[in-house]
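First the structure, in the form of structure tokens, and then the observations on it.
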Amino acid sequence: KQHQTNGIYPKLEKKAVTISIITNMNSELIGTTKKEQLYLIKNYCRKRYFVYILHCSDKTLYVGITNNLLQRCFQHNNPVDNHSYTAKRLPAILVYAESYSYVVHAIEREKQLKGWTNAKKLALISEDFKSVHSFAECKNASSHKLYKRQEL
């Protein structure tokens, strides 16, 4: 299936195409053969942990963690359990991934991203770090930025 974001998210189209090229192992990637690409990706993935974000067909974002990004993306799009989150929202396109050497750091980051709003995740995917920072700021009435000292 071909998945389009229909211009809803800026820069998402470009990332989806880039990730699609990597996932499909097209020979345009780095100008290497499919066998060489597989070797490069397997070696890069060795002893690494990935936190990733998938863009699902219903426009939701799924955050997960794995030690084999290619295999996990394949599993999401070819589910064994038809009751899983992504099975009902296919195709699920990889739009963002971070790599970690230690699983503990990856788990911490996954938990952090799962706590974020979709708007903040989209800002991260679009590499709009100013907006990511802005979404992190406290904006309620008790914020120190909004507090005005009362004169006695």
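Taking the listed residues A87, A97, the one that is within 20 Å of R48 (Cβ to Cβ) and of a type in the set (A, V, I, L, M, F, W, C) is A97, with no other qualifying.
For the range 74-82, does any single residue satisfy the condition of being charged (D, E, K, R), modelled with pLDDT of 90 or more and surrounded by 15 or more Cβ atoms within 10 Å (Cβ to Cβ)? Scanning the range 74-82, I find no residue that is charged (D, E, K, R), modelled with pLDDT of 90 or more and surrounded by 15 or more Cβ atoms within 10 Å (Cβ to Cβ), so the answer is no.
Can you name the residue in the range 126-140 that is in contact with a Leu (Cβ under 9 Å, 6 or more places away or on another chain) and not in a helix (DSSP H, G or I) and is also surrounded by the fewest Cβ atoms within 10 Å (Cβ to Cβ) among such residues? Of everything passing the filter in the range 126-140, N140 is surrounded by the fewest Cβ atoms within 10 Å (Cβ to Cβ). Can you say whether E110 is modelled with pLDDT of 90 or more and either at positive phi or in contact with a Gly (Cβ under 8 Å, 6 or more places away or on another chain) (or both), as far as the supplied structure shows? Spelling it out, E110 is indeed modelled with pLDDT of 90 or more and either at positive phi or in contact with a Gly (Cβ under 8 Å, 6 or more places away or on another chain) (or both).
Only one entry of R72, R109, R89 meets the criterion of being under 16 Å from the mean Cα position of the chain (by Cα), of a type in the set (K, R) and within 24 Å of A136 (Cβ to Cβ), and that entry is R109. Of A119, A123, all but one fail to be part of a helix (DSSP H, G or I), touching a residue at least 12 places away in the same chain (Cβ under 8 Å) and buried (at least 18 other Cβ atoms within 10 Å of the Cβ); the exception is A123.
The values are calculated or read from the model by the stated rules, or taken from the named source; none is laboratory data. All values derive from a computational prediction rather than experimental measurement. Virtual Cβ from ideal backbone geometry, glycine too; neighbours counted across all protein chains shown.
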